[in-house]
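Novice: After the structure tokens below, expect a handful of questions from me.
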Amino acid sequence: MRDFDGLIPDWFKDFVQVGNDLIWSQYLIGLLITAGIFFTIGSKFVQLRWIPEMFRAIGEKPETLDNGKKGIAPFQAFAISAASRVGTGNIAGVATAIVLGGPGAVFWMWIIAFIGAASAFIEATLAQVYKVPDEDGGFRGGPAYYITKGLNQKWLGIVFAVLITVTFAFVFNTVQSNTIAESLKTQYNVSPVITGIILAILTAVIIFGGVRSIATMSSVIVPIMAILYIFTVIVILILNFDQIIPMITTIIKSAFGLEQVTGGTIGATILQGVKRGLFSNEAGMGSAPNAAATAAAPHPVKQGLIQSLGVFFDTMLVCTSTAIMILLYSGLKFGEDAPQGVAVTQSALNEHIGSIGGIFLTVAIALFAFSSVVGNYYYGQSNIEFLSKNKVILFIFRCLVVVLVFIGAVAKTDVVWSTADLFMGLMAIVNLVAIIGLSNIAFAVMNDYQKQRKAGRKPVFRPEELEINLFGIESWGMKK
């Protein structure tokens, strides 16, 4: 039942490999870093100076919509994006980055998160500016929308919509369900077929319930699982407090090639840190803006701040938690022939807290990955609705998602991670080019927010009061 790899033709595997070699070169890494630095400087280090404002924004109540209902709360929009961010990338991805890139990969994950937080601020702010009303009285939006309305390049918006739908709703979800099935099979010998059926049913119940059920589910699961996960790491740190400083020293030395542990190059260390960091926190990739657009916020900057905080939450807390457990593991090995992914984290937990570690990780993986399945689906739905308003197409899309969740659980998907990397890179290129082109609008909106805050007012977005002219706005009192 599990050997589905024969269905994947060799030409497709070769295409994915060649594509990754071209996409994941110094050019994409340079684009990610350059864009992050540009946004950091242009926003005057918004990811640092407005940290208190981030926490203030996330706790605000939702605005009332025109139909009298409460909109998606800022925290719920944060939870949807966190549900997609926090998944197997935080457990399997971090482990793989360390095994292949050495401890230094963690440092470069921190760097890409720091500058990426500014990119996340820009893209989420733009998503709010160009969001559109949906049929339920709420909102939807994302890169496909601000590319079409802000840059007036509908063809590029369509390209992005196709890329994100395939990447998240199909490819990433297959990875997530496969990870859950593998974990349950290893720990409890549960048949992947049984796991696949259960996951497919649960996914169907959630996604056919609409975005509000997604927001509700995410706002419950994400905080609980993150608190438990981080609490476990705190316990491990207390038990190994004398190793904390040496561990941090090793990370920094390895990051700059001062301490060679993998036998590889500093380039491999940076590549693994950037790739797995981007896969985990999604800063600049163009995925989180789809969740940011759903919030009923009085000003776009509020969601920019919240999504910027989400990058720190994902990388600095959850990814670093995983990295700490792994680097304190005495049996850690490096190189392509060494164990990778979930197996490494599993072994580390078993050493630190005993056999209960396996049970805990199984539960954590199930919650992390399933919340990602749901969050990933919503990104696909938002872009399917951008491509077509046909209800039949949306229904078929939902059915395909459910089917692929099942297939992911029962299939061997070695090529899926490479396919995910390829599409993730393509998404990042399209989105980064777009938000660089629209950065003057994001900076103007940011300045408007700051001006109102300094005047002692609660910031409310009125596009006509900006110092630059806007077009394509539909949800802020202006019509196309």
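Novice: Which order do peptides 386-395, 371-380 fall in by mean Cβ count within 10 Å, highest first?
Specialist: Most protected by this proxy first, the peptides run 371-380, 386-395.
Novice: Using θ = phi - 60° and the Karplus relation 6.51 cos²θ - 1.76 cosθ + 1.60, list the HN-Hα couplings for the stretch 320-332 in order, rounded to whole Hz, with x at every Gly or Pro.
Specialist: 5, 4, 4, 4, 4, 4, 6, 6, 8, 7, 5, x, 5
Novice: For a 19 Å ceiling on Cα separation, which of these pairs sit above it: LYS302/LYS458; LYS154/LYS391; LYS149/LYS302?
Specialist: Correct reply: LYS154/LYS391; LYS149/LYS302.
Novice: To continue, here is another question. Heavy atoms of the protein only, probe of 1.4 Å, neighbouring chains included. What is the accessible area of TYR188 in Å², nearest 10?
Specialist: Here the residue's solvent-accessible area equals roughly 110 Å².
Novice: Right, next: If amide H atoms are built 1.01 Å from N in the plane of the peptide, which residues on other chains or at least 5 residues away come under 5 Å of the amide H of PHE139?
Specialist: HN-HN under 5 Å from PHE139: ASP134.
Novice: Using θ = phi - 60° and the Karplus form 6.51 cos²θ - 1.76 cosθ + 1.60, what ³J(HN,Hα) does each residue of the stretch 235-240 get, whole Hz, x for Gly and Pro?
Specialist: Result, rounded to whole Hz: 4, 5, 5, 4, 6, 10.
Novice: Would you kindly derive the ³J(HN,Hα) couplings of the stretch 353-366 from the backbone phi angles with the Karplus curve 6.51 cos²θ - 1.76 cosθ + 1.60 (θ = phi - 60°), listing them in order in whole Hz, with x for Gly and Pro?
Specialist: Each residue of the stretch 353-366 in turn: 10, x, 5, 5, x, x, 5, 4, 5, 4, 5, 4, 4, 4 Hz.
Novice: Please give the Cα centre distance for the stretch 374-402 versus the stretch 110-188, rounded to the nearest Å.
Specialist: Computed from Cα coordinates, the inter-centre distance equals 13 Å.
Novice: As an exercise, identify the chymotrypsin sites (Phe, Trp or Tyr not before Pro) in the stretch 429-472 lying in DSSP coil whose Cβ has no more than 14 other Cβ atoms within 10 Å.
Specialist: Answer by residue number: PHE471.
Novice: Accessible area of ARG457, 1.4 Å probe, to the nearest 10 Å²?
Specialist: 120
Novice: Just the number, please: Stokes-Einstein D of the stretch 263-367 in µm²/s, Kirkwood Rh from C-alpha pairs, 10 °C, 1.306 mPa s.
Specialist: Details: Rh = 16.1 Å.
Here the translational diffusion coefficient equals 98 µm²/s.
Novice: What does the charge count around PHE386 come to, taking other residues whose C-beta lies under 12 Å from its C-beta (Lys +1, Arg +1, Asp -1, Glu -1)?
Specialist: Summing Lys/Arg as +1 and Asp/Glu as -1 gives +3.
Novice: Please calculate the 1.4 Å probe accessible area of SER330, with all protein chains present, and give it to the nearest 10 Å².
Specialist: 100
Novice: Still on this structure, I have one more. Sorting check: for 232-238, 172-178, which peptide has the highest mean count of neighbouring beta carbons within 10 Å, and how do the rest follow?
Specialist: 172-178, 232-238
Novice: Order the following by accessible area, largest value first: LEU126, LEU100. Probe radius 1.4 Å; ligands, DNA and RNA are ignored.
Specialist: If we order LEU126, LEU100 from most to least accessible, we get LEU100, LEU126.
Novice: Considering only protein heavy atoms, with the full assembly of protein chains and a 1.4 angstrom probe, order PHE160, PHE55 by accessible area, largest first.
Specialist: PHE55, PHE160
Novice: Oh, and also: Over the stretch 276-359, give the accessible area per residue in Å² for a 1.4 Å probe, as an integer.
Specialist: Roughly 25 Å² per residue, with all protein chains present.
Novice: Ranking request for peptides 192-202, 104-114: highest mean number of other beta-carbon atoms within 10 Å first, then the rest in descending order.
Specialist: Going from most to least packed, we get 104-114, 192-202.
Novice: Excluding TRP50 itself, what net charge comes from residues whose Cβ is under 10 Å from its Cβ, given Lys and Arg +1 and Asp and Glu -1?
Specialist: Spelling it out: positives minus negatives among the neighbours equals +3.
The values are calculated or read from the model by the stated rules, or taken from the named source; none is laboratory data. Bear in mind the structure is a predicted one, so any value in this text is a computation, not a measurement. So basically every Cβ, Gly included, is an ideal-geometry build from the backbone, and we count neighbours across all protein chains shown. Areas reflect the complete protein model, heavy atoms only, side chains present, ligands, DNA and RNA absent. Shrake-Rupley method; radii C 1.70, N 1.55, O 1.52, S 1.80 Å.
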